[in-house]
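Here is the structure we will look at, set down as structure tokens.
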Amino acid sequence: MPIKLEHVLKRVQALPPLPTSALRVIALTKNPATTVKELETVIGHDLALTASMLRQANSAYYGFARRISTIQEAIVMLGFQVIQGLAMSSAIAPLLQGELEGYEIGQEGLWKHSMLTAMTAKRICQYCRIPYGDVAFTAGLLHDIGKLIISIYVKEVGSYLLKKVNEAKLSYVELEEKVIGYNHATVGGFLAKSWNLPDDLIAAISYHHSPSQAQIYEELASVVHVANGLASLLGIGGGVDSFLNPIQQVALDRLNLKEASLELLMAELGEFLVDPTLFSL
């Protein structure tokens with residue numbers, strides 16, 4: 001039942017655009033000439049964005065001893081790249097909080113899985129001493145946005161995919177490609193392009209299940225791939241495919257991650273899950 005590209009693109013175009021304020025924040029944080037005041041002004045004009053970003057900044061994940069009460073404080077204390085991630089998570093949350101029947105993902109399930117993947121991606125960068133942890137956070141947050149588009153098609157063939165995943169000895173995402181014609185990672189890349197996101201994010205989203213194909217962004221895609229796999233193993237908000245897209249050894253080798261490292265990362269992430277505000281916006 002391979003579907004036509006034009007049908008996929010129509011569904012991509014039907015999704016609402018990202019809020020202008022969030023896109024403006026992303027653009028400003030990528031410009032080294034931007035001042036704290038400019039960034040504060042843009043965020044301050046969007047009350048919902050301001051409230052959401054302050055809630056996140058005060059979560060246990062960031063671990064500040066005192067409360068951050070203003071956007072200016074958040075910018076100064078967290079830095080531009082963290083602010084970019086907070087803005088993106090605030091903007092994308094409404095899209096990720098609904099149910100996705102095709103993947104058997106319940107209310108807020110995709111949001112929780114995406115946030116956990118984002119935090120895991122950043123932690124992997126810290127552990128591996130890779131310098132772009134905040135970009136990895138944003139990429140992790142967005143990695144599964146393609147599921148918003150093709151869930152409707154997965155619903156039609158879900159039972160067949162589950163049957164064939166064992167018979168064909170292929171991963172779930174490989175079967176999506178074979179049966180539907182496109183997998184959720186590729187479609188996520190289409191959506192990221194339609195939102196005019198940077199090339200590094202587009203590549204990380206498009207190839208988070210095949211990082212070796214991401215060319216100059218292979219390391220970033222590998223980080224997101226491993227983060228997604230670890231988040232799935234924690235069983236928070238994942239769908240029917242959570243345990244059917246195993247972590248690839250080539251990605252672990254690219255990051256020089258051993259089994260002991262993965263166990264340590266899993267233990268650290270488990271500690272974050274005790275924070276009741278972790279997934280709130």
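Worth pointing out:
- Selected from 147, 37, 193 as most flexible by GNM, with the chain as the system and alpha-carbon contacts under 10 Å: 37
- 105, 247, 152, reordered so the largest accessible area comes first (probe 1.4 Å): 152, 247, 105
- Helix 133-142 and the longest principal axis of the Cα set of the chain meet at an angle near 50°.
- Calculated from backbone phi, Karplus (6.51, -1.76, 1.60) coupling profile of segment 83-89 in Hz, x at Gly/Pro: 4, 4, x, 5, 5, 5, 5
- Among 21, 81, 5 the positive-end extreme of the charge dipole of the chain (Cβ point charges): 21
- In segment 5-274, lysine pairs closer than 18 Å at Cα, eight or more apart or cross-chain: 16
- Computed magnitude of the charge dipole of segment 111-191 (debye, nearest 20; Cβ of K, R +1, Cβ of D, E -1): 240
- With a Förster radius of 30 Å applied to the C-beta separation of residue 170 and residue 61, the computed FRET efficiency comes to 0.25.
- Helix 147-167 axis, angle to the chain major axis (alpha carbon atoms, nearest 10°): 40
- Cut-off 13 Å between beta-carbons: net charge of the residues surrounding residue 130, Lys and Arg +1, Asp and Glu -1: 0
- In segment 5-274, taking the dipole from charged Cβ atoms about the Cα centre, the farthest positive-side position among 71, 157, 138 is held by 71.
- Taken one residue at a time, the phi angles of segment 43-59 give Karplus couplings (6.51, -1.76, 1.60, θ = phi - 60°) of 5, x, 6, 10, 5, 5, 5, 4, 4, 5, 5, 5, 4, 5, 4, 9, 6 Hz. Gly and Pro are set to x.
- Under the simplified labelling scheme, the residue 194-residue 9 pair shows an inter-label distance of 1.1 nm, with each label point 7 Å from Cα along Cα→Cβ.
- Sum of side-chain charges, residue 252 neighbourhood, beta-carbon under 12 Å (Lys, Arg +1; Asp, Glu -1): 0
- Nearest-20 debye value, segment 5-274 charge dipole, Cβ charges on Lys, Arg, Asp, Glu: 320
- Highest-MSF residue in the chain out of 215, 248, 97 [GNM, Cα springs under 10 Å]: 215
- Net charge of Cβ neighbours under 13 Å - reference residue 158; Lys, Arg +1; Asp, Glu -1: -1
- Across 94, 32, 198, mean-square fluctuation computed from a Gaussian network of the chain (C-alpha pairs under 10 Å connected) peaks at 32.
The values are calculated or read from the model by the stated rules, or taken from the named source; none is laboratory data. It should be emphasised that the depicted structure is a prediction, and the values quoted were computed from it without experimental measurement. As a convention, Cβ positions derive from the backbone with ideal geometry for all residues, glycine included, and neighbour counts pool all protein chains shown. In case anyone asks, the SASA skips ligands and DNA or RNA and just uses the protein heavy atoms, side chains included. Shrake-Rupley method; radii C 1.70, N 1.55, O 1.52, S 1.80 Å.
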